[in-house]
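J.: Take a look at the following structure, please.
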Amino acid sequence: MFKRLSMNKILVRIFESYTFLFLSSAGIIMSPSVVLAQDFSEEAKQEITDILDRSQKEFNIPGFVALVTNSEGEIYAEAFGFSDVANKSPMQVDNIFAIASMTKPITSTAAMILIEDGKLSLEDPISSHIEDLPPFEIFDEFDFVNGTYTTERASNEVTIKQLLTHTSGLAYNFNSKEIAAAGLPLTGAISSDRFLLQHEPGEKWTYGPSTNLIGDLVEEISGKGLLEFMEDEIFTPLGMTETFYNVPQNSMDRVVTTHIKIGDNFMERPKPEQIIQPEEGHGGLSSTARDYAKFMRLYLKSGAVDSGENLLSPETIELITTNSIGSLKAELQPEAMPNLSKAFPQGAGIDTWGLGFQISESQDEDKRAPGSLSWAGLFNTKFWIDRERNIAALLLMQYLPFEDESHLEVLERFEEAIYSRLLSD
């Protein structure tokens, strides 16, 4: 829910707004030059549908949903293939997907609400807000034959900013050869007795479960469970009614079956009778394309919701969407477990990172603009938010491994189809 501000805070907000306008007019703060996207013509929509339909059949992908929105609302949404291949259930736009790490931008946004309210600072060490944290230790020597290792204590404290930007040193098992070789689980870098880091905090970009600690931080500072905070501060203001950690039983028939790709074939994973996920900041949410699009529009509208009120100030949105890792780049992550994930992310070595999102630095005029935000989920769910061109898009699939070549090819065709038709309309 929206917070009732004190008179002092209101005056501060007014002062900040005028300061922001003054700096913007002086060219000191650069906000995106928003170009309102024209709606697709019916012919363009059909062409996009034809491209995606052919792609689904060509690569034998079980099914997916594609959606495009601008700041005012949805301008394209279609479903392809099946949500359940065995039962020949056609995919629907309102099907529910496990969005995995697409949870992270929502958790990061929750933290930024607390930062805007003055309850946290980006440079705060995480240990200053969460008591009795285990030590942060860096891999020192590693025996890949036996999976044994030694560690040394990290020299620097891990900050909130480093957790939001994936520069803390934490990694997953699927992108850390050390964690995988040690036989540790997905989030094995985090345990009750120590945090295992790939490198000194702030030294480089390494993707991992850092946002888990951000979720813990949100709970500690707000006094609420993570889901409760998300519902009060994000989901309810945005009208997001179909994003869950625990999928309601009466919605389970809309849950998409997960597949594993082996060679050119897809093997179905048995669908659970219920989905109950722990409330963790790094992943676990399920959602629909239309519900997640409401979250993406928050960034297209510079922090405003449909009622016109601000969930976050434009200044905070600018902070979130600006490169926060300096000269570092989002580095290519290794294939430690190829059955789970190929090397990632797209844009590695070029793109930077904001406070919860990958930031495109590509200069390709036929695709998303530089400064566009994006991220993804392990089961090949992807989104991007192009604030300069007022366009955001989702492509939701549900299979492993992450960053599979077929998924990437369909994603590229989808993006090219969108921008070639927006520019020509």
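J.: Can you tell me which residue is farthest from L163 (Cα to Cα) among those in region 117-132 that are charged (D, E, K, R) and within 24 Å of the chain's Cα centre (by Cα)?
T.: Top of the filtered list is D117.
J.: Going by the structure shown, is S222 modelled with pLDDT under 95, out of contact with any Ser or Thr (no Cβ under 6 Å at 6 or more places or on another chain), of a type in the set (S, T, Y) and closer than 15 Å to I130 by Cα?
T.: Considered against the rule, which asks whether it is modelled with pLDDT under 95, out of contact with any Ser or Thr (no Cβ under 6 Å at 6 or more places or on another chain), of a type in the set (S, T, Y) and closer than 15 Å to I130 by Cα, S222 comes out as no.
J.: When you scan region 294-323, how many residues do you find that are surrounded by fewer than 18 Cβ atoms within 10 Å (Cβ to Cβ), without any contact (Cβ under 8 Å) to a residue 60 or more places away in the chain and either part of a helix (DSSP H, G or I) or of a type in the set (D, E, K, R) (or both)?
T.: The number of residues fulfilling the criteria is 0.
J.: In addition: Look at H199 and say whether it is part of a loop (DSSP other than H, G, I, E, B), in contact (Cβ under 8 Å) with a residue 40 or more places away in the chain, outside the structural domain of P345 (by TED's automatic domain parsing) and on the phi > 0 side of the Ramachandran plot.
T.: No; evaluated as a whole, the condition is false for this residue.
J.: Does E335 satisfy being over 18 Å from the mean Cα position of the chain (by Cα) and either surrounded by fewer than 18 Cβ atoms within 10 Å (Cβ to Cβ) or not assigned by TED's automatic domain parsing to the domain that holds F64 (or both)?
T.: When the stated conditions are applied, E335 does not pass them.
J.: Ok, one more. Has region 53-60 got any residue that is in a strand (DSSP E or B), in the same structural domain as L285 (by TED's automatic domain parsing), in contact (Cβ under 8 Å) with a residue 24 or more places away in the chain and among the small types (G, A, S)?
T.: Initial filter on region 53-60 (in a strand (DSSP E or B)): none.
Looking for residues that are in a strand (DSSP E or B), in the same structural domain as L285 (by TED's automatic domain parsing), in contact (Cβ under 8 Å) with a residue 24 or more places away in the chain and among the small types (G, A, S), one finds none in region 53-60, hence no.
J.: State whether one or more residues within region 247-270 are part of a loop (DSSP other than H, G, I, E, B), free of Cβ contacts under 8 Å to residues at least 24 places away in the same chain, under 21 Å from A376 (Cβ atoms) and assigned by TED's automatic domain parsing to the domain that holds E309.
T.: Step one: of region 247-270, the residues part of a loop (DSSP other than H, G, I, E, B) are 247-248, 256-258, 263-264, 269-270.
This time we only want the ones that are free of Cβ contacts under 8 Å to residues at least 24 places away in the same chain, so: 248, 263, 269-270.
When the remaining residues are screened for being under 21 Å from A376 (Cβ atoms), the result is 269.
Checking the rest, the ones that are also assigned by TED's automatic domain parsing to the domain that holds E309 come to 269.
The answer is yes, given that some residue of region 247-270 is part of a loop (DSSP other than H, G, I, E, B), free of Cβ contacts under 8 Å to residues at least 24 places away in the same chain, under 21 Å from A376 (Cβ atoms) and assigned by TED's automatic domain parsing to the domain that holds E309.
J.: A follow-up question, please. Scan region 57-111 residue by residue and report those that are of a type in the set (G, A, S) and either modelled with pLDDT under 95 or over 25 Å from H282 (Cβ atoms) (or both).
T.: G63, A66, S71, G73, A77, A79, G81, S83, A86, S89
J.: Would it be correct to say that Q249 is closer than 25 Å to S341 by Cα and at pLDDT 95 or above?
T.: No; evaluated as a whole, the condition is false for this residue.
J.: Give region 271-293 a look and list any residue that's among the aliphatic types (A, V, I, L, M) and assigned to a loop (DSSP other than H, G, I, E, B), or say none.
T.: Across region 271-293, the qualifying residue is only I275.
J.: Still on this structure, please answer the following. Are any of the residues in region 191-200 among the small types (G, A, S) and in contact with an Asp or Glu (Cβ under 9 Å, 6 or more places away or on another chain)? Steps first, please.
T.: The first filter runs over region 191-200 and keeps only residues among the small types (G, A, S), leaving 191-192.
Still in the list and also in contact with an Asp or Glu (Cβ under 9 Å, 6 or more places away or on another chain): none.
Checking region 191-200: not a single residue is among the small types (G, A, S) and in contact with an Asp or Glu (Cβ under 9 Å, 6 or more places away or on another chain).
J.: Go through the residues of region 273-283 one by one and say whether even a single one is in contact (Cβ under 8 Å) with a residue 24 or more places away in the chain, surrounded by fewer than 16 Cβ atoms within 10 Å (Cβ to Cβ) and over 30 Å from I179 (Cβ atoms).
T.: no
J.: Among (1) under 21 Å from the mean Cα position of the chain (by Cα); (2) in a helix (DSSP H, G or I); (3) within 25 Å of N380 (Cβ to Cβ), there is one condition T236 misses while meeting the rest; what is its number?
T.: T236 satisfies every listed condition except (3).
J.: What tally of residues in region 371-412 results from selecting those that are charged (D, E, K, R), closer than 18 Å to N323 by Cα and outside any loop (DSSP other than H, G, I, E, B)?
T.: Here the count works out to 1.
J.: For region 62-99, enumerate the residues that are within 30 Å of R389 (Cα to Cα), of a type outside the set (D, E) and not in a strand (DSSP E or B).
T.: S71, M91, Q92, V93, N95
J.: Condition first: closer than 19 Å to A376 by Cβ and touching a helix residue (DSSP H, G or I) at 6+ places or on another chain (Cβ under 8 Å). Now tell me which residues in region 168-205 satisfy that.
T.: Hits for region 168-205 are L170, A171, Y172, N173, F174, L186, T187.
J.: Next question. Being under 28 Å from A304 (Cα atoms) and part of a loop (DSSP other than H, G, I, E, B) is the filter here, so list the residues in region 202-233 that pass it. If you could, list the steps in order and put the result at the bottom.
T.: Start the filter on region 202-233 by keeping residues that are under 28 Å from A304 (Cα atoms), which leaves 210-233.
Listed by number, the residues that qualify are G223, K224, G225.
The values are calculated or read from the model by the stated rules, or taken from the named source; none is laboratory data. This is a predicted model, so every value here is computed, not measured. Counting neighbours? That spans all protein chains shown, and the Cβs are built from the backbone with ideal geometry, glycine included.
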